[in-house]
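Undergrad: A single structure is presented below for examination.
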Amino acid sequence: MDKRLWKRTYKAIPRFPCPRCGEGRLVQKKGYEIKQYEPNWVTNELDDAGLRGEMSSGRFAGLLRCDVSPCDETVAVCGDYTSKSEAYFHQLSGEWDVETESEYTITRLTPMPQMITIPEKLSGECRDQIDGACELYFVNSGACANKLRVAVERLLDHLSVPTKGPGNKGQTVEWKLFHRIDELDKIKPGHKDTLDALRHVGNVGSHEGDADFDTVTKCFELLELALEDLIEGKRAELIATAKGIVARKGKPVP
């Protein structure tokens with residue numbers, strides 16, 4: 001996950017990965033540049049305050065296109081913007097110029113790029129929930145967090161973690177998510193805190209209708225790391241490599 005790409009606000013629209021080919025980057029091609037629109041009511045308020053030309057706010061919209069020519073996927077982007085303009089004097093040229101700094105908050109990116117690397121071996125059911133969480137990332141943090149929680153459930157299904165087990169009185173009962181996470185920790189330890197974090201944030205999103213944007217962003221990173229080990233076995237592979245180096249006392253493989 002490229003953490004530089006996924007955040008609440010941007011100074012400029014970044015080069016997101018293409019949601020279709022995954023190889024290209026989304027760019028503003030000539031004739032498809034992002035346009036800013038300042039509503040009349042904003043203009044009037046700035047006029048009244050004597051700030052017209054110094055500040056602006058409103059909506060932005062445009063199309064981004066994949067820079068890989070055979071693909072050329074087109075992605076719609078829109079949201080809110082604010083900008084500030086400041087005049088400054090060029091000492092060398094002896095002339096005045098204006099510098100404008102904008103800040104963009106994306107509310108829609110359609111179709112949505114893939115935020116994390118999803119292992120090919122992962123079940124379609126789990127993949128669908130992750131894709132759904134990506135679709136909601138800029139739209140609704142609470143709903144996005146809930147999708148990530150469901151993705152954990154589908155991940156446990158993929159790993160064949162039981163949905164039922166012994167209750168307090170020894171009878172077989174339907175397990176809640178935290179029971180299943182505890183059960184996974186007995187089989188493949190080391191991921192309890194990660195999956196519990198996703199569960200808690202998902203619960204907040206479900207019960208309160210919202211979740212902290214930055215926390216949700218970190219949850220994507222946590223999920224990606226868990227998938228790398230639980231589905232692809234990367235940590236086990238690295239541990240085996242380390243043990244091999246130790247066994248050879250650092251010498252090259254014969």
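Undergrad: Return, ordered by residue number, the residues of segment 25-52 whose backbone nitrogen is under 12 Å from a label point located 7 Å along Cα→Cβ of Ala12.
TA: Once the point is set 7 Å along Cα→Cβ of Ala12, 28 turn out to lie under 12 Å by backbone N, inside segment 25-52.
Undergrad: Follow-up question, since we're still on this one. Could you work out how far apart the two model spin labels at Ser206 and Thr110 are, taking each label as a point 7 Å from the Cα in the direction of the beta carbon, and quote it in nm?
TA: Modelled inter-label distance: 2.8 nm.
Undergrad: Moving to a separate point now. Along the charge dipole of the chain, Cβ charges K/R +1 and D/E -1, which of Tyr32, Gly124, Thr9 sits furthest on the positive end?
TA: Comparing the listed Cα positions along the dipole, Gly124 ranks first.
Undergrad: I want the local charge near Lys218. Using Cβ-Cβ distances under 12 Å, sum +1 for each Lys or Arg and -1 for each Asp or Glu among the other residues.
TA: Values: positive: Lys3, Lys7; negative: Asp212, Asp214, Glu221, Glu224.
The answer is -2.
Undergrad: Right, another one. Quick one: length gained pulling Asp72 to Val139 fully straight, 0.36 nm per residue minus the C-alpha distance? Don't skip to the end; give the middle numbers.
TA: Numbers: separation 67, 0.36 × 67 = 24.12 nm, distance 2.48 nm.
Contour length minus Cα-Cα distance gives 21.6 nm.
Undergrad: While we're on this one: Let me check I've understood the local charge: for Glu174, count other residues with C-beta under 11 angstrom from its C-beta, Lys and Arg +1, Asp and Glu -1. What total comes out?
TA: Numbers: positive: Lys164, Lys176, Arg180; negative: none.
It works out to a net charge of +3.
Undergrad: For the chain, what does -39500 (n - 2.57) per DSSP helix run (n ≥ 4), summed and divided by total residues, give at 222 nm, in deg cm²/dmol to the nearest 500? Spell out each step's value before the answer.
TA: Values: 7 runs with 101 residues, N = 254.
Calculated at 222 nm, the ellipticity per residue is -13000 deg cm²/dmol.
Undergrad: Normalised radius of gyration for segment 156-223, please: alpha carbon Rg relative to 2.2 N^0.38 Å, two decimal places. Please list the in-between numbers first.
TA: Numbers: Rg = 13.7 Å, N = 68, 2.2 N^0.38 = 10.9 Å.
Here the answer is 1.25, to two decimals.
Undergrad: Kindly point out, ordered by number, any Cys in the chain whose beta-carbon has no other cysteine beta-carbon under 4.7 Å away.
TA: Those would be Cys78, Cys126, Cys134, Cys144, Cys219, since no other cysteine Cβ in the chain comes under 4.7 Å of theirs.
Undergrad: Angle check, please: helix 40-49 long axis (alpha carbons) against the longest principal axis of the chain (alpha carbons), in degrees 0 to 90, nearest 10.
TA: Result, in degrees: 60.
Undergrad: Using a Gaussian network model of the chain whose springs link C-alpha atoms within less than 10 Å, name the residue from Ala211, Ala76, Ala240 with the highest mean-square fluctuation.
TA: Of Ala211, Ala76, Ala240, the Gaussian network model singles out Ala240 as fluctuating most.
Undergrad: Same structure again: What does the highest-first list of 116-124, 214-222, 162-170 look like by mean Cβ count within 10 Å? If you can, show how the numbers build up before the last one.
TA: Values: 116-124: 13.6, 214-222: 18.6, 162-170: 10.3.
Sorting 116-124, 214-222, 162-170 by mean packing, highest first, produces 214-222, 116-124, 162-170.
Undergrad: Just the Cα atoms of segment 102-142: what Rg and Dmax do they give in Å?
TA: Computed over the Cα atoms of segment 102-142, radius of gyration and Dmax are 12.2, 42 Å.
Undergrad: Also, I was wondering about something else. Counting Lys and Arg as +1 and Asp and Glu as -1, what is the net charge of the other residues whose Cβ lies under 14 Å from the Cβ of Pro39?
TA: Details: positive: Lys35, Arg52, Arg59; negative: Glu38, Glu45, Asp47, Asp80.
Around Pro39, the charge tally is -1.
Undergrad: Continuing with the same structure: State the three equivalent ellipsoid semi-axes of segment 15-68, derived from the C-alpha gyration tensor as the square roots of 5 times its eigenvalues, in descending order and whole Å.
TA: On the way: eigenvalues 241, 15, 14 Å².
Ellipsoid semi-axes (Å, largest first): 35, 9, 8.
Undergrad: Specify, per residue and in Å³, the volume enclosed by the convex hull of the alpha carbon atoms belonging to segment 18-163.
TA: On the way: hull volume 24.8 nm³, N = 146.
Dividing the Cα hull volume of segment 18-163 by its residues yields 170 Å³.
Undergrad: Give the aspartates and glutamates whose C-alpha is closer than 17 Å to that of Lys164, dropping any in the same chain fewer than 8 places away, or say none.
TA: Lys164 reaches Glu153, Glu174, Asp182, Glu183, Asp185.
Undergrad: Moving on. How high is the FRET efficiency between Tyr37 and Asp2 when r is their beta carbon distance and R₀ equals 35 Å, given to the nearest 0.05? Walk me through the intermediate numbers first.
TA: Working: r = 29 Å, r/R0 = 0.84.
In this case the efficiency is close to 0.75.
Undergrad: If you line up the long axis of helix 177-187 against the longest principal axis of the chain, both from Cα atoms, how many degrees apart are they, to the nearest 10?
TA: Value to nearest ten degrees: 60.
Undergrad: Something else: Just to confirm, what accessible area per residue do you get for segment 41-158 at 1.4 Å probe, in whole Å²? Let's see the in-between values first.
TA: Details: 6320 Å² over 118 residues.
Each residue of segment 41-158 exposes 54 Å² on average to a 1.4 Å probe.
Undergrad: Moving to a separate point now. Report the convex hull volume per residue for the chain, counting only C-alpha atoms, in Å³. Each step should come with its number before you reach the end.
TA: Working: hull volume 59.8 nm³, N = 254.
Cα-based convex hull of the chain, divided per residue, equals 235 Å³.
Undergrad: Can you tell me, using C-alpha contacts under 8 Å and at least 6 residues apart, the relative contact order of segment 155-203 as a whole percent?
TA: On the way: 33 pairs, mean separation 13.4, N = 49.
It comes to 27 percent, rounded to a whole number.
Undergrad: Give the lysines whose C-alpha is closer than 23 Å to that of Lys169, dropping any in the same chain fewer than 8 places away, or say none.
TA: Lys186
Undergrad: Pairs of alpha-carbon atoms within less than 8 angstrom and 6+ residues apart define the contacts here; what relative contact order does the chain have, in percent?
TA: Details: 388 pairs, mean separation 38.9, N = 254.
Averaging sequence separation for qualifying contacts and normalising by length gives 15 percent for the chain.
Undergrad: Quick check on my link table: of Lys7/Lys192; Lys3/Lys218; Lys121/Lys234, which ones sit more than 20 Å apart, alpha carbon to alpha carbon?
TA: Lys7/Lys192
The values are calculated or read from the model by the stated rules, or taken from the named source; none is laboratory data. The shown structure was predicted, so the numbers you read here are calculated from the model rather than taken from an experiment. So basically every Cβ, Gly included, is an ideal-geometry build from the backbone, and we count neighbours across all protein chains shown. Areas reflect the complete protein model, heavy atoms only, side chains present, ligands, DNA and RNA absent. Shrake-Rupley method; radii C 1.70, N 1.55, O 1.52, S 1.80 Å.
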